[in-house]
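Values in this text are rule-based calculations from the coordinates and carry no lab data. Note that the coordinates shown come from a computational prediction; the quantities given were computed from them, not determined experimentally. Cβ placement follows ideal geometry from the backbone for every residue including glycine, while neighbour counts extend to all protein chains displayed.
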2 protein chains.
Amino acid sequence: MRGVIMYAPGDVRVEERERPGIVEPTDAVIRVAAACVCGSDLWPYRGLQPVDGPSPMGHEYVGVVEEIGPEVRNIKVGDFVVGSFLASDNTCEICQAGYQTHCINRQPGAATGAQSEYARIPLADGTLVATGTQPTPEQIPSLLAASDVLGTGWFAAVAAEAGPGKTVAVVGDGAVGLLGILAASRLGAERIIAMSRHADRQALATKFGATDIVEERGAEGVAKIKELTNGLGAHSVIEAVGTQESMMQAIHATRPGGHVGFVGVSHGVSLDGAKLFFSGVHLHGGPAPVRRFLPELIELIMNGEINPGEVFDLTLPLEQAAEAYRAMDERRAIKVLLTP
Amino acid sequence: MRGVIMYAPGDVRVEERERPGIVEPTDAVIRVAAACVCGSDLWPYRGLQPVDGPSPMGHEYVGVVEEIGPEVRNIKVGDFVVGSFLASDNTCEICQAGYQTHCINRQPGAATGAQSEYARIPLADGTLVATGTQPTPEQIPSLLAASDVLGTGWFAAVAAEAGPGKTVAVVGDGAVGLLGILAASRLGAERIIAMSRHADRQALATKFGATDIVEERGAEGVAKIKELTNGLGAHSVIEAVGTQESMMQAIHATRPGGHVGFVGVSHGVSLDGAKLFFSGVHLHGGPAPVRRFLPELIELIMNGEINPGEVFDLTLPLEQAAEAYRAMDERRAIKVLLTP
């Protein structure tokens with residue numbers, strides 16, 4: 001089968017690889033219907049995170065179950081399924097509390113790489129959710145979004161306690177930030193302020209439910225949020241970048257007693273304890289337990305109530321994965337869908 | 001009148017000072033019935049925080065209203081009242097959300113110092129809560145505890161989401177930590193693990209509701225908490241110290257998805273963003289909005305349901321304030337009550 005391998009920063013190749021099979025009795029093997037490039041794939045691509053030798057890439061996927069291990073009960077061959085970037089048993093105490101990304105038995109969701117024709121998914125019963133009926137081609141990008149960026153944006157909005165009567169500010173206009181806007185809107189937020197300086201992303205932000213756009217960043221961005229909120233700051237702030245500047249922008253844009261949901265993977269961030277103490281905000285985030293939200297998100301997508309697949313503004317065949325990485329790295333695309 | 005002044009680290013004196021009067025129409029002047037030395041007073045006393053010239057000390061107080069400004073409506077002369085360390089209007093949007101320590105009009109709760117015979121309390125209507133009837137002498141220490149250490153421990157327990165079915169760990173065995181235990185117990189926590197290596201504090205912890213004692217600290221303390229919680233960590237952790245070690249101990253002792261309530265005033269703390277991200281905990285804390293809890297706490301005390309005044313293990317006349325500071329600094333006393 002064909003699959004994507006990253007050899008070094010900037011060096012992504014599509015190669016012939018061995019088709020994965022069942023290893024553990026709880027595994028499933030899926031034929032990937034669509035995969036994509038994640039913002040987090042850009043960290044090693046840009047050399048900001050080490051590449052440990054040639055690495056199979058991709059952790060967002062939807063597809064059709066080809067094969068199941070003898071202990072798999074909930075998933076059948078032929079099911080169209082959505083998974084996420086970490087495999088979980090969905091039965092341990094941590095999973096049951098809704099934190100499947102911290103499952104006591106967690107492992108990579110697609111260790112063999114999802115940017116490929118086939119992928120082996122461990123703990124299939126706990127990890128995969130079947131769509132019930134087969135999706136239309138139009139629904140596939142949205143289901144793919146659910147497997148990471150939508151689930152992550154949704155978690156961020158929930159962690160930030162977005163809801164009726166709340167003003168929500170969103171730091172970061174990548175796919176996760178944009179889908180955080182969609183989530184906040186669905187959760188009933190009264191006002192949603194997108195922080196973005198790119199016209200195409202602003203347009204999508206507005207389509208997803210943003211009521212205001214702030215182009216300023218850092219201290220100026222914070223001042224603008226305060227100006228829009230009677231000097232108090234937003235009730236809820238979604239942080240979807242992961243840098244020192246974006247974290248501090250998020251914390252300072254939040255009113256005392258408000259909530260920051262941070263899902264940008266932290267890179268080089270250091271929080272001053274005293275500043276955090278005197279800010280009075282709630283802070284919650286981390287790797288999003290996408291699995292918690294999948295059943296609800298799949299239902300919303302299959303019913304046509306949300307269309308998160310709009311974040312994919314470029315679709316390429318798997319063979320052109322290198323161009324997909326380049327397009328995202330150069331910000332020519334918000335998010336690239338790959339079709340095997 | 002007589003009042004406490006800190007001149008420099010280790011240099012605390014009781015001096016003749018001018019009796020405060022009404023300055024703003026929203027002020028009240030109280031005759032202090034009891035005051036005390038706070039753990040946070042020890043930071044400048046120990047030279048770990050600068051002393052800006054001679055400073056009137058004390059921000060925990062109960063007393064009888066002597067005089068009110070012309071705009072004070074809710075508090076009458078003769079009322080026995082409890083206040084806290086920050087004055088708040090209790091009407092702004094932040095106060096109404098329960099974050100009176102971040103009131104848009106906040107100011108020091110007793111700028112003239114509460115370790116004295118009289119104190120001027122700004123924003124009296126928003127800051128002071130009357131006990132209704134006059135308390136008995138036995139109730140006064142408990143009401144005094146409500147004005148800071150109980151209110152702070154209570155906030156920490158609420159921030160850590162202590163409640164039925166939860167295992168709560170408490171880092172710090174000072175008055176705030178001990179009263180965090182009492183709060184967690186009243187909030188219905190199933191199991192409360194006190195982290196303490198002092199027999200007298202362990203005894204009080206147990207009296208307040210601790211079910212387990214852990215003497216280990218740092219990584220060993222965390223390992224012990226994990227051992228007591230099936231390897232998962234506590235659901236809720238109260239941090240009541242404010243150092244780097246105690247914060248990391250609290251975060252690492254919390255299970256993913258659990259809650260850390262941190263109320264120890266942060267000194268030199270720096271949190272690694274990636275560690276916090278991957279911990280998956282909720283973090284909330286800061287200067288406790290004691291005012292939010294005062295009506296409920298006063299009722300519990302006046303009804304004899306709780307006796308937080310037991311944290312005072314030494315009572316001295318105001319004139320011996322210097323000895324009070326020494327006793328706390330040398331950990332000969334958990335908390336010292338001063339009677340003017």
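Label point 7 Å out from A:S270 along Cα-to-Cβ: which residues of region B:241-276 have amide N under 12 Å? So the set is B:269-273. If R0 equals 30 Å, the separation of the Cβ atoms of B:T91 and B:T133 corresponds to a calculated FRET efficiency of about 0.70.
Counting only GluC sites (Glu not before Pro) that sit in a DSSP loop (anything but H, G, I, E, B) with at most 13 other Cβ atoms within 10 Å, what is the longest stretch of chain A containing none of them?
Counting only loop sites that pass the neighbour cut-off, the longest clear stretch is A:216-304.
Computed from the C-beta positions of A:E216 and A:N303, the FRET efficiency with R₀ = 45 Å rounds to 0.75. At a temperature of 25 °C and a viscosity of 0.890 mPa s, determine how fast region A:196-250 diffuses translationally according to Stokes-Einstein, using the Kirkwood radius over alpha-carbon pairs as Rh; express D in µm²/s, rounded to the nearest whole number. Answer, rounded: 205 µm²/s.
Contact order, relative form, for chain B: 19 percent (alpha carbon pairs under 8 Å, 6 or more residues apart, mean separation divided by residue count). Computed over chain A, the convex hull of the alpha-carbon atoms projects to a mean area of 15.9 nm².
Enclosing the Cα atoms of region B:152-285 in their convex hull gives a volume equal to 83 cubic angstrom per residue. With Cβ to Cβ distances under 15 Å as the rule, what net charge do the other residues near B:R197 carry (K, R +1; D, E -1)? Around B:R197, the charge tally is -3.
What's the longest bit of chain B with no exposed trypsin sites (Lys or Arg not before Pro), using DSSP loop states and at most 16 other Cβ atoms within 10 Å as the test?
My reading of the result: B:77-196 is the longest stretch.
Extension gain for A:E67-A:I104 works out to 10.8 nm (0.36 nm per residue, less the C-alpha to C-alpha distance). Taking all Cα pairs closer than 8 Å and separated by 6 or more residues, the relative contact order of region B:102-193 comes to 22 percent. Treating r as the C-beta distance of A:T206 and A:E245 and R0 as 22 Å, the FRET efficiency rounds to 0.35.
Radius of gyration (Cα atoms) of region A:1-76, expressed as a multiple of 2.2 N^0.38 Å: 1.28. Helical content of chain A, expressed as a calculated mean residue ellipticity at 222 nm, amounts to -8000 deg cm²/dmol (DSSP H runs of 4 or more residues, -39,500 (n - 2.57) each, divided by residue number, nearest 500). Taking 0.36 nm per residue of separation and subtracting the Cα-Cα distance, full extension of the segment from B:T315 to B:N74 would add 83.6 nm.
Over region B:232-281, the Kirkwood radius and the radius of gyration, each from Cα atoms, give a ratio Rg/Rh of 0.94. Peptide B:254-260 has a mean of 5 when you count, residue by residue, the C-beta atoms of other protein chains within 10 Å of its C-beta.
Just so you know, the Rg over Rh for region A:68-198 is 1.02, from Cα atoms, with Rh as the Kirkwood radius. Before anything else, pin down the relative contact order of region B:1-49: Cα pairs under 8 Å, at least 6 apart, normalised by residue count, whole percent. About 38 percent, as a whole number.
Using a cut-off of 21 Å between Cα atoms, the listed pairs B:K166/B:K226; A:K166/B:K275; A:K275/B:K224; A:K166/A:K224; B:K76/B:K335 include A:K166/B:K275; A:K275/B:K224; B:K76/B:K335 as exceeding that distance.
Over its Cα atoms, what ratio of radius of gyration to 2.2 N^0.38 Å does the protein assembly as shown give?
The value comes to 1.07.
Measure nothing fancy, just the Cα-based angle from helix A:290-302's long axis to the longest principal axis of chain A, in degrees from 0 to 90, nearest 10. In chain A, helix A:290-302 runs at an angle near 80 degrees to the longest axis.
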